[in-house]
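*Asks:* One structure coming up, written as structure tokens, with questions to follow.
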Amino acid sequence: MTKDLLLETYNLHKTYGKKSTKFDALCDIDLKINTGESVAIIGKSGSGKSTLMHLLALLDQPTTGTIKLHGTKTAELPARRLNRLRNHEFGFVFQQFFMNSNDSVLNNVILPLKIAGIGFRERKRRAIEALKIVELEDKIHAKANDLSGGQKQRVCIARAIVNNPKVIFADEPTGNLDTITGEKIMNILFKLNREKDITLIIVTHDEDIANRCRRQIRIQDGKITSDGKTQKGGAK
Amino acid sequence: MKLIDIIKTANSNLLRNKIRTFLTILAIFIGSFTIILNTAVNTGVNSFIDKQVASAGGDGYIEIAPAAMLAQIEGMMGGNNGPQEYNPEQNASELNYIDAETLTAIEDINGIIPGSVRPLRNVRVEYVTSNKTHTKWKLRVNELPSNNINIDLTAGNSPRTDSDQPEITLLPGFAEVLGFVDDAGAIGQTVTLAIKNQATGELINVDATVVGVQAPSVVSMGRSWLNAALNDRIFAASTKYLPAEYANRVMFATAEFDPEADLDFIKKGLEELNLSGMTIDDSIGMMKTFFDIILIVFSIFGGIALLAASIGIINTLLMSVQERTREIGLMKAMGLSSGKVFLSFSFEAISLGFWGSLLGIGLSMLVGNTANTIFHQPGMFLADFPTFSLVEFTPANCIIIALGIMFIAFLAGTLPAIKAARKNPIDALRYE
């Protein structure tokens, strides 16, 4: 089965600091990610895995090198197009949730739609839809702060999928959760990957999570050390 | 993000820290309250003066004084000009009077109505009484210079300036103390004015007919109006036995001019005669300037309060930007543009200004209208002026001031808003 090419990177470098404090966070990254893949980016802290995710998610610009999204060089796109792309095509799930804890679940979930400028009714309809997928539609009016850690991350997933994205970037999505809850969260993410053909790009240092992804990219000191299909099992 | 969502979000963000928001609004309120109340007092006073002037009329009436006298008055105001050498040619005391030749010369100025120039003789009355009472009452009088001037009357008519019968109008309250039934009952009655002779000190009685009773007014300044015939009789009684040269000295004159005529030309003509002219509009203008200056000073205090409030806005929003660093980062990651982030914080500042000025308008209206009611109670200083609103709120003024304050708040908010807009989403998300 041939898949559409989603993201390509050529000769990607990212350097922080100048001269004596110069530090290469990423070196010579060449990647191709297809639509519908589930990719784990694995590495220790400081290996450059988060930096790579930020570059792929168009949150940061590489020092040198090219990133293409759907075949278009992203460096040539104006800021407005980049904002639109992130809003329409990407969903984000973070380890620390990043929710407005004093706001309701609904208001947290509709944030990307609000930014997109979608009207109130449509926002609510789509938020309910997204919350149904993570099985939290009964918590729609609850205050975000009153939820458990697992529920919070499920709300974050609802927020990530509310705009029907093509890609979900998840940065250590289970890092703040216990094993069983983390398992549930991963089940939801992989179900979305399977059923909605959403590309998953998961940054993690957890081998169990990495093993559930179809593809593993290992990073060490800013360089890719291995990139290939997961050996034992793979995604179910 | 839609504008309505930005405004709603800005307001709900303000509600997150209620006490801090309230205190910032309070600071803005102090400034806006001061400025709005001041403007309302200014409007009230000015519209009162305008109403009085409109009721006073007095078009085409000008008061004339020697220019040297005005220069002296200005000299007194300006303080010490240093020693000036005596010059017999320019004897200051001589220049303080208008001589007979000059009086005729005034009539020749283009625009002055011939025969209308009249020496203005200020006269004093010792007391007023009538044959209905034994009591004597103090009275201050003014000659009514022209029937163009409308007097607010509760009964009767104005004294006729062209009549040869001595006529007077009474001030409020005089009808009763002089033994007449009421204001209307005083019309046509005779009152006796006692005049002190300037040479001998003897009291000479002059009778006058009451033709009207005045309503309270600032234009008449608590004086009864006389017609020329009565004024001349009082002047004669007061200057009897004085040398004619002394008695006939003229300090001020009045004249009527064609309202269509060029007033600047008339004033220039008076200047050439070493005189200076002042119309009712001129003196009202001086009065207004005086009030304006007082109110401008108070408005400056309000402005200083607003300046302090602006620093409060900057402080509040900087704290808010700090607290919401991650949220800003998240929203930018989700595609919110820097411009919208700037707009969002700007609207927070504008909202602070909006609520502060709304509170200022509301409370100053409450205070102003309460003060209006209290000061119009019997015995209070505005009891006699039912038409005078001490404070007058016009919607235009309130809107302009509110918009001005919102603009100042916006300016104060630009610094924090720029700081928020420049946040890099990655750094912001990493921020602990």
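Values in this text are rule-based calculations from the coordinates and carry no lab data. As the structure is a prediction and not an experimental result, all values here were calculated from the model. All Cβ positions, even for glycine, are placed from backbone atoms using ideal geometry, and neighbour counts span all protein chains on display.
*Asks:* Got the relative contact order for the stretch A:5-229 handy, in percent, Cα pairs under 8 Å and 6 or more residues apart?
*Replies:* 30 percent
*Asks:* Follow-up question, since we're still on this one. Decide, for the stretch A:81-212, between rounded, prolate and oblate: order the square roots of the alpha carbon gyration tensor eigenvalues as a ≥ b ≥ c, take rounded if a/c falls under 1.5, and otherwise choose prolate if a/b is larger than b/c, else oblate.
*Replies:* Because a/c hits 1.5 or more and a/b fails to exceed b/c, the stretch A:81-212 counts as oblate.
*Asks:* With a cut-off of 8 Å between alpha carbons and a minimum separation of six or more residues, what is the relative contact order of the stretch B:133-216 in percent?
*Replies:* It rounds to 37 percent for the stretch B:133-216.
*Asks:* Another question about this same structure. Enumerate the residues in the stretch B:214-256 having an amide nitrogen under 16 Å from the point lying 7 Å beyond the Cα of B:Lys138 toward its Cβ.
*Replies:* Label zone hits: B:221-224.
*Asks:* Provide the gained length on full extension for the span A:Gln96 to A:Asp227, in nm with one decimal, where the gain is 0.36 nm per separating residue minus the Cα-Cα distance.
*Replies:* So the chain would gain 44.4 nm between A:Gln96 and A:Asp227.
*Asks:* Quick one: which residues, 5+ away or cross-chain, put their amide H under 5 Å from the amide H of B:Phe257? H built at 1.01 Å from N.
*Replies:* B:Tyr61, B:Ile62, B:Ile113
*Asks:* Something else now. Run down the lysines and flag those whose C-alpha is under 18 Å from the C-alpha of B:Lys340, throwing out any fewer than 8 positions away in its chain.
*Replies:* The reachable lysines, counting only those whose Cα sits under 18 Å from B:Lys340, are A:Lys114, B:Lys2, B:Lys8, B:Lys332, B:Lys419, B:Lys423.
*Asks:* Once phi is turned into θ = phi - 60°, what whole-Hz ³J(HN,Hα) does the Karplus curve with 6.51, -1.76 and 1.60 give for every residue of the stretch B:110-118, x standing for Gly and Pro?
*Replies:* 4, x, 6, 6, x, x, 8, 6, 9
*Asks:* Take every DSSP beta bridge with both residues inside the protein assembly as shown and express the antiparallel ones as a percent of the total, to the nearest 5.
*Replies:* Of all bridge pairs located within the protein assembly as shown, approximately 65 percent are antiparallel.
*Asks:* Taking only Cα atoms and a 10 Å spring cutoff, compute GNM fluctuations for chain B and point out the largest among B:Ser364, B:Ser351, B:Ser146.
*Replies:* Top of the fluctuation ranking is B:Ser351.
*Asks:* Work out from phi, with θ = phi - 60° and the Karplus expression 6.51 cos²θ - 1.76 cosθ + 1.60, the ³J(HN,Hα) of each residue of the stretch B:201-208, listed in order in whole Hz, and give x for Gly and Pro.
*Replies:* x, 6, 8, 10, 8, 10, 8, 9
*Asks:* Check the straight Cα-Cα distances from A:Lys68 and name the lysines below 18 Å, setting aside those fewer than 8 residues away within the same chain.
*Replies:* In chain and number order, the partners are A:Lys3, A:Lys14, A:Lys32, A:Lys166.
*Asks:* Please report B:Leu15, B:Leu153 as a ranked list, fewest other C-beta atoms within 10 angstrom at the top and most at the bottom.
*Replies:* With the fewest neighbours first, B:Leu15, B:Leu153 line up as B:Leu15, B:Leu153.
*Asks:* Further, regarding this structure: If you rank B:Trp225, B:Trp355 by fewest surrounding Cβ atoms within 10 Å, what's the result?
*Replies:* B:Trp355, B:Trp225
*Asks:* So who's got an amide H within less than 5 Å of the one on B:Lys2, skipping anything under 5 residues away but keeping other chains? H placed 1.01 Å off N, in plane.
*Replies:* Hits under the 5 Å cutoff: A:Gly117.
*Asks:* Per-residue Cβ counts within 10 Å, from other chains only, averaged over A:83-91: what number is that?
*Replies:* Per residue, the number of nearby Cβ atoms from other chains is 3 on average.
*Asks:* Please give the calculated 222 nm ellipticity per residue for chain A, where each DSSP H segment of at least 4 residues contributes -39500 (n - 2.57) and the sum is spread over every residue; nearest 500 deg cm²/dmol?
*Replies:* Here the helix-only value at 222 nm equals -10000 deg cm²/dmol.
*Asks:* Could you state the angle between the C-alpha long axis of helix B:228-239 and the longest principal axis of the C-alpha atoms of chain B, as a value from 0 to 90 degrees rounded to the nearest 10?
*Replies:* It is inclined by approximately 70 degrees.
*Asks:* Then there is this: Please find, in a Gaussian network model of chain B (springs between Cα atoms separated by less than 10 Å), the residue of B:Thr133, B:Thr39, B:Thr414 whose mean-square fluctuation is greatest.
*Replies:* With Cα springs under 10 Å in chain B, the top fluctuation among B:Thr133, B:Thr39, B:Thr414 is at B:Thr133.
*Asks:* Over chain A, with a Gaussian network built from C-alpha contacts below 10 Å, which listed residue (A:Lys223, A:Lys19, A:Lys166) shows the highest mean-square fluctuation?
*Replies:* Maximum among the listed residues: A:Lys19.
*Asks:* Related question: Give me the net charge for the shell around B:Asn231: Cβ to Cβ below 11 angstrom, other residues only, Lys and Arg +1, Asp and Glu -1.
*Replies:* Neighbour charge sum, excluding B:Asn231 itself: 0.
*Asks:* Also, I was wondering about something else. Return one number: the angle in degrees, 0 to 90 and rounded to the nearest 10, between the long axis of the Cα atoms of helix B:18-56 and the longest principal axis of the Cα atoms of chain B.
*Replies:* Around 20 degrees separate the two axes.
*Asks:* If you take every DSSP beta bridge fully contained in the stretch B:122-247, what fraction is antiparallel? Give it as a percent rounded to 5.
*Replies:* Of all bridge pairs located within the stretch B:122-247, approximately 70 percent are antiparallel.
*Asks:* Then there is this: Would you please give the FRET efficiency between B:Thr414 and B:Lys18, computed as 1/(1 + (r/R0)^6) with r the Cβ-Cβ distance and R0 = 35 Å, to the nearest 0.05?
*Replies:* That gives a FRET efficiency of 0.90.
*Asks:* Under a straight-distance cross-link criterion of Cα-Cα below 18 Å, which lysines are reachable from B:Lys138, leaving out those fewer than 8 residues away in the same chain?
*Replies:* B:Lys196
*Asks:* Based on other C-beta atoms within 10 Å, arrange A:Ser101, A:Ser226 from fewest to most.
*Replies:* Exposure proxy ranking, most exposed first: A:Ser226, A:Ser101.
*Asks:* Given Cα pairs under 8 Å that are at least 6 residues apart, what percent is the relative contact order of chain B?
*Replies:* With pairs under 8 Å counted, the relative contact order is 28 percent.
*Asks:* Rounded to the nearest 0.05, what FRET efficiency is calculated for B:Asp164 and B:Leu366 with R0 set to 51 Å and r the Cβ-Cβ distance?
*Replies:* The formula returns an efficiency of 0.35 here.
*Asks:* When Lys and Arg each count +1 and Asp and Glu each count -1, what net charge do the other residues less than 15 Å away from B:Leu352, Cβ to Cβ, add up to?
*Replies:* +2
*Asks:* Report the FRET efficiency, 1/(1 + (r/R0)^6), for B:Asp264 and B:Glu85, where r is their Cβ-Cβ distance and R0 is 41 Å, rounded to 0.05.
*Replies:* 0.75
*Asks:* Taking amide H positions as placed 1.01 Å from N in the peptide plane, with prolines and chain starts having none, which residues 5 or more places from B:Asn150, or on another chain, fall under 5 Å of its amide H?
*Replies:* Under 5 Å from the amide H of B:Asn150: B:Gly57, B:Gly58.
*Asks:* Ignoring everything except DSSP H segments at least 4 long, calculate the 222 nm mean residue ellipticity for chain B; use -39,500 (n - 2.57) per segment, divide by total residues, nearest 500.
*Replies:* -18000 deg cm²/dmol
*Asks:* So what's the angle, to the nearest 10 degrees on a 0 to 90 scale, between helix A:79-89 and the longest Cα principal axis of chain A?
*Replies:* The angle comes out at about 60 degrees.
*Asks:* From the square roots a ≥ b ≥ c of the eigenvalues of the alpha-carbon gyration tensor of the stretch B:122-247, which class results: rounded (a/c under 1.5), prolate (a/b over b/c), or oblate?
*Replies:* Cα axes put the stretch B:122-247 in the oblate bin.
*Asks:* Using the Karplus curve 6.51 cos²θ - 1.76 cosθ + 1.60 with θ = phi - 60°, what ³J(HN,Hα) values do you get for each residue of the stretch A:186-199, in whole Hz, with x for Gly and Pro?
*Replies:* Along the stretch A:186-199, the couplings run 5, 4, 4, 4, 6, 5, 4, 5, 6, 7, 10, 6, 7, 5 Hz.
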